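Data first, discussion second: the structure below is written as structure tokens.
The values are calculated or read from the model by the stated rules, or taken from the named source; none is laboratory data. All values reported here derive from a predicted model rather than from experimental measurement. Note: ideal-geometry Cβ built from the backbone for every residue, glycine included; neighbour counts use all protein chains shown. To get the accessible areas, we keep the full protein, side chains included, count just its heavy atoms, and leave off ligands, DNA and RNA. Shrake-Rupley method; radii C 1.70, N 1.55, O 1.52, S 1.80 Å.
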Amino acid sequence: MRTFASPEKNGRENRKPGIRHLTAYMMKINIDALTGMFTPKDGKFFPLLNSMAVAMDRSAMLLQQLLGASTEDEWAQLCKSIKDEELEGDRLVKKIFKELNNTFITPFDREDISSLADELDDVIDAINRSAHKVLLYSPEGLPESTQQLAKIIREGTEEILKAVPELERVRKSDAVIRGCTKKIKKLEEEADAIYEKGITELFHSETKIKELIKIKEIIQELERCANALNTVGKVLKTIIVKYS
């Protein structure tokens with residue numbers, strides 16, 4: 001025998017899906033609104049990090065020019081320009097740390113931001129030390145290995161200059177940064193090979209002890225620059241592993 005539900009019951013059942021959908025929709029709105037409150041909307045860290053990368057790249061460009069120069073006047077002028085970039089790097093890193101202290105929600109972990117800023121600053125410092133050692137020691141001549149290392153350092157800073165702006169889009173794609181970190185690692189390995197060859201040739205060819213010590217110190221400092229660049233690459237790699 002067939003039974004028929006009352007109109008009131010049918011009405012209640014027809015209304016239930018609509019009520020459920022409306023409740024779910026309202027919950028989604030509330031969650032989205034709550035999430036929005038804690039989502040960082042201020043991208044102030046990205047321009048600051050980009051500016052640090054620019055200062056680092058300019059320093060590397062000036063270092064390359066310095067190692068191609070031949071007079072103390074040129075060295076002094078280029079050293080001053082590099083020092084200006086180093087001071088700019090110090091100013092920017094201090095501003096980043098100040099903003100970290102004043103910001104509750106950051107685009108990614110504050111430890112990663114501070115680490116990246118620190119390592120970028122270390123590269124600029126290493127470039128500045130390399131330049132000033134050339135001016136301080138005033139060697140009679142510089143071997144080809146110094147210019148080769150300066151070229152690698154510049155190539156490394158260019159890779160970082162490409163990678164850092166991509167941090168703002170890292171959650172969508174990490175392809176550019178990943179490619180840059182691979183290139184930076186390869187450049188660091190090339191720098192190691194040039195360093196070893198340069199030191200070996202120096203000890204075989206340089207007969208003046210003072211000149212040998214001077215040039216050895218300069219080559220070692222340049223190799224430290226390449227290592228510092230590789231450290232930046234490692235920080236970038238850590239970030240993309242976490243957020244991509």
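Annotations
- Residue list for segment 136-171, restricted to those being of a type in the set (A, V, I, L, M, F, W, C) and open to solvent by less than 50 Å² (accessible area, probe 1.4 Å): Leu142, Leu149, Ala150, Ile152, Ile153, Ile160, Ala163, Val164, Leu167, Val170
- Yes/no for Val176 being more than 19 Å from Leu63 (Cβ to Cβ), open to solvent by 40 Å² or more (accessible area, probe 1.4 Å) and within 20 Å of the chain's Cα centre (by Cα): yes
- Selection of segment 48-64 for residues being within 10 Å of the chain's Cα centre (by Cα) and open to solvent by less than 10 Å² (accessible area, probe 1.4 Å) yields Leu49, Met52, Ala53, Met56.
- Residue that is nearest to Val232 (Cα to Cα), among those in segment 164-180 that are of a type in the set (Asp, Glu) and assigned to a helix (DSSP H, G or I): Glu166
- Considering only residues in segment 126-135 that are open to solvent by 10 Å² or more (accessible area, probe 1.4 Å) and not basic (Lys, Arg), the one that is farthest from the chain's Cα centre (by Cα) turns out to be Leu135.
- Test for Val123: is it closer than 16 Å to Lys44 by Cα, touching a residue at least 40 places away in the same chain (Cβ under 8 Å) and open to solvent by less than 10 Å² (accessible area, probe 1.4 Å): no
- Residue in segment 48-62 that is over 28 Å from Ile239 (Cβ atoms), of a type in the set (D, E, K, R) and out of contact with any Pro (no Cβ under 7 Å at 6 or more places or on another chain) present: no
- Subset of segment 172-216 (residues that are in contact with a helix residue (DSSP H, G or I) (Cβ under 8 Å, 6 or more places away or on another chain) and hydrophobic (A, V, I, L, M, F, W, C)): Val176, Ile177, Cys180, Ile184, Leu187, Ala191, Ile194, Ile199, Leu202, Phe203, Leu212, Ile215
- With respect to the stated conditions, Glu223 fails to be of a type in the set (Asp, Glu) and surrounded by fewer than 18 Cβ atoms within 10 Å (Cβ to Cβ).
- Subset of segment 82-115 [outside any loop (DSSP other than H, G, I, E, B), surrounded by fewer than 17 Cβ atoms within 10 Å (Cβ to Cβ) and of a type in the set (S, T, N, Q)]: Asn101, Asn102, Ser114
- The one condition in (1) part of a loop (DSSP other than H, G, I, E, B); (2) over 28 Å from Glu190 (Cα atoms) that Pro139 fails to fulfil: (2)
- Taking first residues from segment 150-163 that are within 15 Å of Ala55 (Cβ to Cβ) and partners that are of a type in the set (Gly, Ala, Ser) and open to solvent by less than 60 Å² (accessible area, probe 1.4 Å), the Cβ contacts under 7 Å between residues at least 6 apart in sequence or on separate chains come to Ile153/Ala60; Ile153/Ala226; Arg154/Ala60; Gly156/Ala226; Thr157/Ala60; Ile160/Ala53; Leu161/Ala53.
- Given (1) assigned to a helix (DSSP H, G or I); (2) open to solvent by 70 Å² or more (accessible area, probe 1.4 Å); (3) touching a residue at least 24 places away in the same chain (Cβ under 8 Å), index of the condition Ile213 fails: (3)
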